[in-house]
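Q: Could you have a look at this structure, given as structure tokens, before my questions?
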Amino acid sequence: MKLLATFLNIGNELTPMFSQERTARRATRLLLSNLLCIGRHWLTRILCATNRDQCDWSADYRLFSRSPWKTRDLFEPAIRRSLEYLDKDEFICVAGDETKIKRGGRKVKRSRWMRDPLSPPFQVNFIKGIRIIQFAAILPLHRIAGVTARSIPILFEPVESLPKPKKKAGEKEKAAYNKAKRINTMCDQSVEHMRNIRKGFDAAGAYARIILFTLDGGFCNRKVFKAILERCRVLARCRKDAKLCFAANDPAHPQKKYAEDKFTPESVRKDESIPFQSGKFFIGGKMRNIRYKEVRNVLWQRGAGTKTLRLIVLAPIPYHLSPNSKANYREPAYLLTDANDMKIHQLIQAYVDRWEIEVNHRDEKQHLGVGDPQVWNDASVDRFPAFIVASYAFLLLASLEAYGAKRTDEYLQPPKWQRRRSRPSCLDLLAMLRKEAIENPELLESADLSFEPAEACLKAAA
């Protein structure tokens, strides 16, 4: 009952963002129905899961196509509640990444042919889908409960893509398209989303706190590092062959900014004159040793201009496939950041915790069906996936408030072949929510819902 009641309380916080109270109740009902749904997460299946398949469904579709609300407002409760698990004196860590969801149809807005990230290195495959930018607040649960950090989605927006001119278009039209495409890239849109996230945390009472954005290699470029972001810092993975240097400091040429001698992150890793340092970081469920190098006052002429950066080189981490096997090594990591005033251990731990956004991508696609909804309206194509991700964010926050960060005996007993997990998975939370929905029908009645697992299974198979 605790998880279900907490989830409904978080969902009720969305009431001010809707123009009518009945619209807010419908949104809360659909948020919960999406988590109770079994099988493909079409809107029709979501309605069937809670026995609303014999009611008028048009208003549920109009919630996404016509109702005046913004997707970023969905995540205001997630931003506000995530601050409760962060130290007041430390920075806020926000992970960012790009993902793709499959979406076919010639008339679907934003659906484009793209490179499949899962294609093998020897054969590039293509998929038709939508590019998505996602940001998530990282909760350092290893400090609170000794478990892996948890990432809470706080933004899920599609990448705006310009319509390509036809083959018979004139040269001026093609030139205008190429110019507009250069100033409206994925990174340009990400910077704007980062500014909106800054405003969201300011509205939640975190005006004086620094936000550290931990990003993947696709964001390590001039668009991000040269952007003006107030009270924000950037930590991004860079290429091993990036051309770096120091300031010139040449009295004979005072106007010269960059030194002639260039170096790369790979050369720093191989330079024996710069010794590796060692530290303990929480990774893979426990504290592990990571070796690293740090070079301060670095300049990246092409990427950051005269902005002073720090280069962090992480040595490959050995791992064993079995207790008696030989040690294998992962690839080294090279990081660039403009957070010159932060401690090196905090930056490395923040980068390690960034992996949790990849867990978000997996849960959203495999267990919550973020790419399943069969909606065709332009507004619905943008809103419905974000709506599903918001229900996932509320589920994660409700589990932390109801049962804590650890996987306790209150959850369903796992199969014998599964190893003991210290943190509940997404499937654990979904199973617990469905269990409480069966045991507490009065809570569902307050949301105008009913859940019969036998009927839900039959309707999911129909």
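Q: Which lysines have a Cα less than 21 Å from the Cα of Lys406, not counting those fewer than 8 places away in the same chain?
A: Of all the lysines, those that pass the test against Lys406 - Cα under 21 Å, at least 8 places apart if same chain - are Lys2, Lys286, Lys416, Lys435.
Q: What residues qualify as long-range amide H neighbours of Glu160, i.e. H under 5 Å apart, gap of 5 or more or another chain, H built at 1.01 Å from N?
A: For Glu160, whose amide H was placed from the backbone, there are no distant partners under 5 Å.
Q: Would you kindly derive the ³J(HN,Hα) couplings of segment 185-193 from the backbone phi angles with the Karplus curve 6.51 cos²θ - 1.76 cosθ + 1.60 (θ = phi - 60°), listing them in order in whole Hz, with x for Gly and Pro?
A: 7, 4, 6, 4, 5, 5, 4, 5, 5
Q: Hey, what number do you get for the chain at 222 nm if only DSSP H runs of n ≥ 4 count, each worth -39500 (n - 2.57), divided across all residues, to the nearest 500?
A: Values: 16 runs with 168 residues, N = 462.
Roughly -11000 deg cm²/dmol at 222 nm, from the helical runs in the chain.
Q: Report relative contact order for the chain in percent, whole number only (criteria: Cα-Cα under 8 Å, sequence separation at least 6).
A: Details: 733 pairs, mean separation 104.0, N = 462.
The value is 23 percent.
Q: Set the bar at 19 Å for Cα to Cα. Now go through Lys240/Lys293; Lys100/Lys179; Lys293/Lys343 and name every pair that lies beyond it.
A: Pairs exceeding the cut-off: Lys100/Lys179.
Q: By count of other Cβ within 10 Å, fewest leading, how are Asp353, Asp378 ordered? Let's see the in-between values first.
A: Details: Asp353 24, Asp378 13.
Fewest-to-most Cβ neighbours within 10 Å comes out as Asp378, Asp353.
Q: Could you please rank Trp355, Trp113, Trp376, placing first whichever residue has the fewest other Cβ atoms within 10 Å of its Cβ?
A: Sorted ascending by nearby Cβ count, the order is Trp113, Trp376, Trp355.
Q: Going by amide H atoms built from the backbone, whose H comes under 5 Å of the H on Arg233, apart from near neighbours?
A: Ile211, Leu212, Phe213
Q: Treating the beta-carbon of each Lys and Arg as +1 and of each Asp and Glu as -1, no other charges, what is the dipole magnitude of segment 238-336 about its Cα centre, to the nearest 20 debye?
A: Computed charge dipole of segment 238-336: roughly 380 debye.
Q: Do you know the relative contact order of segment 97-155, to the nearest whole percent, from alpha carbon pairs under 8 angstrom that are 6+ apart?
A: It comes to 32 percent, rounded to a whole number.
Q: Let me make sure I get this right: for segment 394-462, a, b and c are the square roots of the gyration tensor eigenvalues over alpha carbons, sorted descending. Under 1.5 in a/c it's rounded, otherwise prolate if a/b > b/c, else oblate. Which is it?
A: Taking the square roots of the gyration eigenvalues as a ≥ b ≥ c, segment 394-462 is oblate.
Q: Further, regarding this structure: Residue-wise, which Karplus ³J(HN,Hα) couplings in Hz belong to segment 61-76, taking 6.51 cos²θ - 1.76 cosθ + 1.60, θ = phi - 60°, and x for glycine or proline?
A: Whole-Hz 3J(HN,Hα) from phi for segment 61-76: 5, 5, 4, 9, 9, 10, 5, x, 9, 10, 5, 5, 5, 4, 9, 4.
Q: To continue, here is another question. Students often check this: by mean Cβ neighbours within 10 Å, which of 396-402, 299-305 ranks highest, and how do the rest follow?
A: 396-402, 299-305
Q: Once you have a ≥ b ≥ c as the square roots of the Cα gyration tensor eigenvalues for segment 294-436, tell me rounded if a/c is under 1.5, and otherwise prolate or oblate according to whether a/b is larger than b/c. Don't jump to the answer; show the numbers that get you there.
A: Details: a/c = 2.22, a/b = 1.37, b/c = 1.62.
Since a/c reaches 1.5 but b/c is at least a/b, the shape of segment 294-436 is classed as oblate.
Q: What are the ³J(HN,Hα) couplings of segment 108-115, residue after residue, when phi is run through the Karplus curve with 6.51, -1.76, 1.60 and θ = phi - 60°? Round to Hz, x for glycine and proline.
A: Working through the residues one at a time gives 7, 4, 6, 5, 9, 7, 9, 6 Hz.
Q: May I pose another question? Under 18 Å from the Cα of Lys226, which lysines turn up, not counting those fewer than eight places away in the same chain?
A: Qualifying lysines at Cα under 18 Å: Lys243, Lys257, Lys307.
Bear in mind that the values in this text are calculations on the coordinates, not laboratory data. Source: prediction; values computed, not measured. Positions of Cβ are backbone-derived with ideal geometry, glycine not excepted, and every protein chain shown enters the neighbour counts.
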